[in-house]
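Quick notes on the structure that follows.
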Amino acid sequence: MCLAIPMQVVALDGGSDETLDPQVALVESDGVRKAIRLEMADRLPTVGEYVIIHAGFAIRTLTAEEAEYNLELMRKMVDMLDPDGGPAGAVR
């Protein structure tokens, strides 16, 4: 199963050469920062916008509202897990 995470772009770097210096973004979500590649994104984001991240690549640019909706759904899913990471109340 794959999971794509919405993260906010906090800085952009590179882009002078598609092969040797591809454009990357520094993104952040809930205190986690990561440098990601932008070649697969539907369009290049600007600082402050959100992108969906999968396997180190941005795959789609989101509005703040779309990102917050997705993040809230993920937080609700986490809240439904028991301390071992399984579904709450599951028989093992």
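On the given criteria, is Leu71 in contact with a strand residue (DSSP E or B) (Cβ under 6 Å, 6 or more places away or on another chain), at pLDDT below 90 and either of a type in the set (D, E, K, R) or not in a loop (DSSP other than H, G, I, E, B) (or both)? Can you show your working first?
Numbers: in contact with a strand residue (DSSP E or B) (Cβ under 6 Å, 6 or more places away or on another chain): yes; at pLDDT below 90: yes; either of a type in the set (D, E, K, R) or not in a loop (DSSP other than H, G, I, E, B) (or both): yes.
It is true that Leu71 is in contact with a strand residue (DSSP E or B) (Cβ under 6 Å, 6 or more places away or on another chain), at pLDDT below 90 and either of a type in the set (D, E, K, R) or not in a loop (DSSP other than H, G, I, E, B) (or both).
Here is a yes/no grid of residues against (1) out of contact with any Asp or Glu (no Cβ under 9 Å at 6 or more places or on another chain); (2) open to solvent by 60 Å² or more (accessible area, probe 1.4 Å):
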position: Leu12; (1), (2): yes, yes
position: Thr19; (1), (2): yes, yes
position: Val24; (1), (2): no, no
position: Ser29; (1), (2): yes, no
position: Leu38; (1), (2): yes, no
position: Ala41; (1), (2): yes, no
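Residues that are surrounded by 18 or more Cβ atoms within 10 Å (Cβ to Cβ) and in contact with a Lys or Arg (Cβ under 6 Å, 6 or more places away or on another chain) within the range 43-60 comprise just one, Ile52.
In summary, strands (runs of 3 or more DSSP E) completely within the range 1-62 and bearing 1 or more residues that are more than 14 Å from the chain's Cα centre (by Cα), over 20 Å from Met74 (Cβ atoms) and in contact (Cβ under 8 Å) with a residue 12 or more places away in the chain occur at 5-13. Among the conditions (1) acidic (Asp, Glu); (2) more than 11 Å from the chain's Cα centre (by Cα); (3) at pLDDT 90 or above, Asp82 misses just one, which is (3).
The values are calculated or read from the model by the stated rules, or taken from the named source; none is laboratory data. Predicted model only: the values in this text are computed from it and were never measured. Backbone-built Cβ (ideal geometry, glycine too); neighbour counts: all protein chains shown. Surface areas here come from the heavy atoms of the whole protein model, side chains and all, with no ligands, DNA or RNA. Shrake-Rupley method; radii C 1.70, N 1.55, O 1.52, S 1.80 Å.
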